[in-house]
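A short worksheet on the structure shown next.
The values are calculated or read from the model by the stated rules, or taken from the named source; none is laboratory data. Owing to the predicted nature of the structure, the values given are computational and were not obtained by experimental measurement. In this analysis, Cβ positions are derived from the backbone assuming ideal geometry, glycine residues included, and neighbour counts consider all displayed protein chains. The accessibility values were calculated without ligands, DNA or RNA, using every heavy atom of the protein model including side chains. Shrake-Rupley method; radii C 1.70, N 1.55, O 1.52, S 1.80 Å.
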Amino acid sequence: MGTAGKVIKCKAAVLWDQKKPFSIEEIEVAPPKTKEVRIKILATGICRTDDHVIKGAMVSKFPVILGHEATGIVESIGEGVTTVKPGDKVIPLFLPQCRECNACRNPDGNLCIRSDITGRGVLADGTTRFTCKGKPVYHFMNTSTFTEYTVVDESSVAKIDDTAPPEKVCLIGCGFSTGYGAAVKTGKVKPGSTCVVFGLGGVGLSVIMGCKSAGASRIIGIDLNKDKFEKAMAVGATECISPKDSTKPISEVLSEMTGNNVGYTFEVIGRLDTMIDALASCHMNYGTSVVVGAPPSAKMLTYDPMLLFTGRTWKGCVFGGLKSRDDVPKLVTEFLAKKFDLDQLITHVLPFKQINEGFELLNSGQSSLI
């Protein structure tokens, strides 16, 4: 492309500080350095994790360009890049896969050492590729997709099928994969089992889809917002309940509903109290509970160790336990083969300039993923 090797000026949604709205600014995006890829963003989703930064629940440097769930086209590549080329359709990966560290080499690992979940805000060489009004602007989780162009390390990008619709498969960059993988990879849901999903946002719906794909015979959705029940049933839940409908603890309600046979629970909210509720709700001896929702930073959890002593398994997962560069292209191929439907996860489609409105919809409970 004619822009290769040059600084690109484009529009981006810059967050100058926490608890402030996004500001649409003209930024400068530097060319990719060695082992880096510059991407033109075609579509990006809004995820609760982005909102955690705005609210101060997740650490970040400022100013920053958020966004980590997108589809794009490779505009140019730096020296030494071999896995993608200009013109390739790609998904940027907030969870890199370097294929060299211990987590990448272990068949059960996926939390690559190059992950930026602590808010460093820079690429592998320790610098940023964004500037705005003469100031450096930081990256977010190796991706930064709330911009027309971004730069990522080669380990943070996956080539996908050229025919994939960008406004749908961008969800595979985070929300869908996180939920679906939590069921099929981390939880390892078995056919015929009973599963319970706490939180019916976009990721929770994706967990339900994963449980259904794995052959669960009963899938119970839980949320305070009953408006979410219809969509949960549409993607595979067999029933939905609200904790408000009973004065009993939710674990007791579920035990009575299922004859004390909940094999798997998934906490997809990121609240400490619901993490404990989810753990207590799976079978005391053979149940597995998976923490899917990102917990608030700098918070400690207190629980009764007897919940684990009796035999329960308590697990966490990032990106559903999936290996990003390996599994994202496979999921896109499965989507194109109609193995699952992403339309149910899309509630609104907005132009980029309305990004603040998108977050208002997210916080009002009217949207799951955008």
Quiz item: If a residue has to be part of a loop (DSSP other than H, G, I, E, B), surrounded by fewer than 16 Cβ atoms within 10 Å (Cβ to Cβ) and touching a residue at least 40 places away in the same chain (Cβ under 8 Å) to count, how many in the range 219-248 make the cut?
Solution: 1
Quiz item: Can you find even one residue in the range 294-305 that is touching a Ser or Thr at 6+ places or on another chain (Cβ under 9 Å), under 22 Å from Gly199 (Cα atoms) and either surrounded by 18 or more Cβ atoms within 10 Å (Cβ to Cβ) or in the same structural domain as Asn142 (by the TED database) (or both)?
Solution: yes
Quiz item: In the range 177-192, which residues are surrounded by 21 or more Cβ atoms within 10 Å (Cβ to Cβ) and assigned to a loop (DSSP other than H, G, I, E, B)?
Solution: Gly187, Val189
Exercise. Determine whether Ala216 is part of a helix (DSSP H, G or I), small (Gly, Ala, Ser) and touching a strand residue (DSSP E or B) at 6+ places or on another chain (Cβ under 8 Å).
Key: no
Exercise. Give the range 21-54 a look and list any residue that's assigned to a strand (DSSP E or B), in contact with a Lys or Arg (Cβ under 9 Å, 6 or more places away or on another chain), open to solvent by less than 40 Å² (accessible area, probe 1.4 Å) and not basic (Lys, Arg), or say none.
Key: Glu25, Ile27, Val29, Glu36, Ala43
Self-check item: Single unsatisfied condition, Glu256 versus (1) part of a helix (DSSP H, G or I); (2) open to solvent by less than 70 Å² (accessible area, probe 1.4 Å)
Solution: (2)
Quiz item: Which one is surrounded by the most Cβ atoms within 10 Å (Cβ to Cβ) among residues in the range 126-167 that are in contact with a strand residue (DSSP E or B) (Cβ under 7 Å, 6 or more places away or on another chain) and part of a helix (DSSP H, G or I)?
Solution: Ser156
Quiz prompt | Tally, over the range 61-99, of residues that are touching a Cys at 6+ places or on another chain (Cβ under 8 Å), assigned to a strand (DSSP E or B) and either of a type in the set (A, V, I, L, M, F, W, C) or open to solvent by 20 Å² or more (accessible area, probe 1.4 Å) (or both) | solution = 2
Quiz prompt | the range 342-366, residues that are over 17 Å from the mean Cα position of the chain (by Cα) and part of a loop (DSSP other than H, G, I, E, B) | solution = His348, Val349, Leu350, Pro351, Gly365, Gln366
